[in-house]
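The values are calculated or read from the model by the stated rules, or taken from the named source; none is laboratory data. Here the structure is a predicted model, which means the values were calculated and not measured. Every residue, glycine as well, gets a Cβ built from its backbone with ideal geometry; the counts of neighbours run over all protein chains shown. Accessible surface areas use protein heavy atoms only, side chains included; no ligands, DNA or RNA. Shrake-Rupley method; radii C 1.70, N 1.55, O 1.52, S 1.80 Å.
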Amino acid sequence: MADSCSGHSVLLFMTVLEAFINGRCDLADPCNRLDNKDNPDDDYDFVVVGGGTAGSVVAGRLSENPQWKVLLLEAGGDEPLSSSVPAWVTAYWWRNDTDWMYYTEPQEKACLADGGKCYWPRGKLLGGCSTINGMMYMRGHAADYDGWAINGAYGWSWHEVFPYFLKSEDNKEIGSGVSGQYHNIGGPMPVQRFRHAPEFAHDVVAASIELGFPPTGDLNGESTTGFTLAQAFNDGGSRYTTARGFLRPGARRANLDVVFNALGSKVVVDPDTKRVTAVEYIKDGVTKTVKVNKEAILSAGTLNSPQILLLSGIGPEETLNKLNIPVIQDLPGVGQNLQNHVGVKLDFTLMKEPDLPVLDWAAAMDYMLKREGPLSSTGLSQLTGMVNSKYAPAGGRQPDVQYFFGGYYASCSDGNTIEPDQYAATERRTVMIAAIALQPRSRGYITLRSTDPTEPPIMQPNYFCDEHEMNVLVEAARIAYRLANTTILREKYGMIPTPGYGDECSGGGPNPTDEYLRCLAQYYTAPENHQVGTCKMGPKIDPMSVVDPQLKVHGIEGLRVIDASIMPTITTGNTAAPTVMVAERGAEFIRSRHQLYKHRPVSGLDNKFGDSSHQNDADDNRWHFANIANKDHKWGNWKWDKDWNWDNRRNEQNPNWIKNPDTPIAAAGN
């Protein structure tokens, strides 16, 4: 962390603080860290490429079967100790060892203040983006997943994916802010609000009520619009990554090997049988190969999974021919369909609020002794809001605008406290509001820059290619200006648009013109980091789909893609929780395909989520769904039926189950 700070006194304070935190066993977790295996075995049943948000889930779940040998290849290293501190959320951005440091191709209509290149921080370390993101827990909207299913991703409707959200969740606030109708306990990922929030964050929620937005404590529950302090992946005042939740509990499993600093470069496919035989990776500049006995799983993320497919000869024939890559499988959709949320950054100044240091010795001691205070949270970043613009889908249930906030960070400090008599001479505090369009229509692509696996791919998001996003943002920005001018924010904080911000654009001020807001979105773009879609899931008849609804790559045996790249369309909100859900489902597909059952499941969920003999013991039955099995459940008309046979509905050998739920179960795979 100290590397990101400047100034002698700041460096000294931060170095002392970081050294103290690194020595805390509850954060460092020395007994459960995963060991690096420099010399892995020659072959494995499953090889997972990428130990990020999804890959950690997949490798952890597959290694639960002691009969399977699992290898996880991670391009970066282990989670740094200080990444556990929520406040240091951006400490590992802009670093070659922990961040891919990706930039888009120059944009004609976005990120113009940065020369048109938008920065996309992506985690290059165990846990991936779950180690460097804001930890916000947002599932998306039911209509997102129903839309997937309607358009060919059979088996991915909301009522079919919902249990997989519950499976990974260990919600700490059921009954005290969120309802057990929508949440679960017992999963590997603790979810709760942070232990600290600036007073300003609570006042923003009050201000939103003044604007007419109903109060809500849970945007993953019955309410889908409003402003709230969001729940996040954290516990005991520290960040929870998928590596921490899914891999560390199995760190001493003899059947799980992890290779750090191993860049997945290619899957080797037999051109005659079209079956994966091995995976290539680069470590210390040397290309190595490991054999695959059952399946290879690409979990390298939306930007890197299509890159690996292309390097393997799987993708658009025209692209492969240009780079003289032998064509193994012509799949035009590889790298296409790139989607990302996009927005505009708005800057405001609190004229009545001095810019006091959030992090001083008192705040440091709060965290070191009690895991409380500003270091235990992400400042204003935990605050969010969802609203409907006039362009939102009819019915008002699926919002098309989300607000993110920035400010009150406890990042770098010299540890000193400013006395009240110095307030007048102190700079005023600034805060940022990013208004985001949640349902973008613009589509971009990923393709190869060269055949060198170490070169980043070409990333072209085509921001604002479709005018829809810009129209939404103009209205969203106006709502943000109204929010800043509410009684509580105006009178208590003196909140005004920051003077001089956006001077590149004409028509600014307290009542900006539409042209000013459009210009501002192009200069001060909020490019977000919710990239999805480049290995689209869909039926084989869809020429742009890359994987089928079981996440198997079309035309290739023994290869799946399991990460955010498979999402046909982007979800309504942050994508971390949906990515975990995708990984849970993907791992379950693999287990269903290869698991040798002593007894075939009779009641699907009993066997998948815990032995039926433990149904009365919530501690033994880890995936306990009693919370949602009641007549008052409000997710549409769906009611949980413990006798509903999931194997019929998931059976990859009987895709017609959606037309005939009574389709017989196929024989178990080997």
**Relative contact order (%) - the stretch 172-236, alpha-carbon pairs under 8 angstrom, separation at least six** = 39 percent
**Prompt:** Around Thr430, what is the net charge, scoring Lys/Arg as +1 and Asp/Glu as -1 over all other residues with Cβ under 9 Å from its Cβ?
**Reply:** -1
**Request:** Per residue of the stretch 335-345, in order, report the coupling 6.51 cos²θ - 1.76 cosθ + 1.60 (Karplus, θ = phi - 60°) as ³J(HN,Hα) in whole Hz, putting x for Gly and Pro.
**Result:** x, 8, 6, 5, 10, 7, 5, 9, x, 10, 8
**Message:** As a test question: what accessible area, to the nearest 10 Å², does Thr287 have when a 1.4 Å probe is rolled over all protein chains in place?
**Reply:** 80 Å²
**Message:** As a test of the formula, what do you get for the chain when each DSSP H run with n ≥ 4 contributes -39,500 (n - 2.57) and the sum is divided by the residue count, at 222 nm and rounded to the nearest 500 deg cm²/dmol?
**Reply:** -6500 deg cm²/dmol
**Free-standing Cys residues across the chain, given no other cysteine C-beta under 4.7 angstrom** = Cys25, Cys31, Cys129, Cys465, Cys535
**Request:** Evaluate the relative contact order of the stretch 203-244 (contact order divided by residue number), counting alpha-carbon pairs under 8 angstrom at least 6 apart; express in whole percent.
**Result:** 27 percent
**Request:** Please list the helices of the chain that count as membrane-span-like by this rule: a mean Kyte-Doolittle hydropathy of at least -0.5 together with Cα atoms stretching 18 Å or more along the helix axis, each helix being a complete DSSP H run.
**Result:** 8-22, 467-484, 576-594
**Asked** Quick one: accessible area per residue over the chain, 1.4 Å probe, rounded to a whole number of Å²?
**Response** 38 Å²
**Request:** Using a cut-off of 12 Å between beta-carbons, work out the net charge of the residues near Glu372 (Lys and Arg +1, Asp and Glu -1, Glu372 not included).
**Result:** +2
**Fill in**
All alpha-carbon distances of the chain, grouped into 10 Å bins from 0, give the whole-percent distribution 3, 15, 26, 28, 18, 7, 2, 0
**Asked** Considering only Thr98, Val48, Leu73, whose Cα is most displaced toward the positive end of the charge dipole of the stretch 1-107, charges sitting on Cβ of Lys, Arg (+1) and Asp, Glu (-1)?
**Response** Thr98
**Asked** What spacing in nm lies between the two simple spin-label points modelled at Arg482 and Ala251, each 7 Å away from Cα in the Cβ direction?
**Response** 5.1 nm
**Complete:** Whole-Å distance linking the alpha carbon centroid of the stretch 486-517 with that of the stretch 520-576 is 37 Å
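Could you please put Tyr423, Tyr493 in sequence from largest to smallest accessible area, using a 1.4 Å probe?
Most to least solvent-accessible, the answer reads Tyr423, Tyr493.
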**Request:** Grab the beta carbon distance between Ile458 and Asp503, set R0 = 25 Å, and tell me the FRET efficiency rounded to 0.05.
**Result:** 0.15
**Message:** Order Ile496, Ile458 by their accessible area, 1.4 angstrom probe, all chains in place, largest first.
**Reply:** Ile496, Ile458
**Request:** Tell me which residues come under 5 Å, amide H to amide H, from Lys266 once H is placed; ignore anything under 5 positions away on its chain.
**Result:** Glu280
**Asked** Hey, what did the stretch 318-421 get for relative contact order, percent, Cα under 8 Å, at least 6 apart?
**Response** 25 percent
**Asked** Going 7 Å from the Cα of Ile541 toward and past its Cβ, which residues in the stretch 330-357 have a backbone nitrogen under 20 Å from where you end up?
**Response** 331-333
**Fill in**
the stretch 149-233: spread of alpha-carbon positions along the three principal axes, whole Å, largest first, is 43, 30, 18
**Prompt:** Within a Cβ distance under 11 Å of Asp99, other residues only, what is the Lys/Arg minus Asp/Glu net charge?
**Reply:** +2
**Complete:** The value for the stretch 91-215 (convex hull of the alpha-carbon atoms, volume per residue, Å³) is 220 Å³
**Message:** Keeping all protein chains in place and using 1.4 angstrom, which order do Thr277, Thr289 fall into by accessible surface area, from largest down?
**Reply:** Thr289, Thr277
**Message:** Can you give the FRET efficiency to the nearest 0.05 for Asn96 and Thr451, using r as the Cβ-Cβ distance and R₀ = 25 Å?
**Reply:** 0.70
**Asked** If you place +1 on the Cβ of every Lys and Arg and -1 on the Cβ of every Asp and Glu, how big does the dipole about the Cα centre of the chain come out, in debye to the nearest 20?
**Response** 1180 debye
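By per-residue mean of other Cβ atoms within 10 Å, what is the highest-first order of 530-539, 35-44, 382-391? Write down the numbers at each step before the final one.
Working: 530-539: 25.9, 35-44: 13.5, 382-391: 21.5.
So the order, starting with the most tightly packed, is 530-539, 382-391, 35-44.
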**Asked** Between Ala19 and Gln181, what length in nm is gained on full extension when 0.36 nm per residue of separation is reduced by their alpha carbon distance?
**Response** 54.0 nm
**Message:** Suppose R0 equals 30 Å. What FRET efficiency, 1/(1 + (r/R0)^6) with r the Cβ-Cβ distance, do Ile150 and Arg591 give to the nearest 0.05?
**Reply:** 0.65
**Request:** Would you mind checking which residues have amide H under 5 Å from Trp93's amide H? H placed 1.01 Å from N; only 5 or more apart, or other chain.
**Result:** none
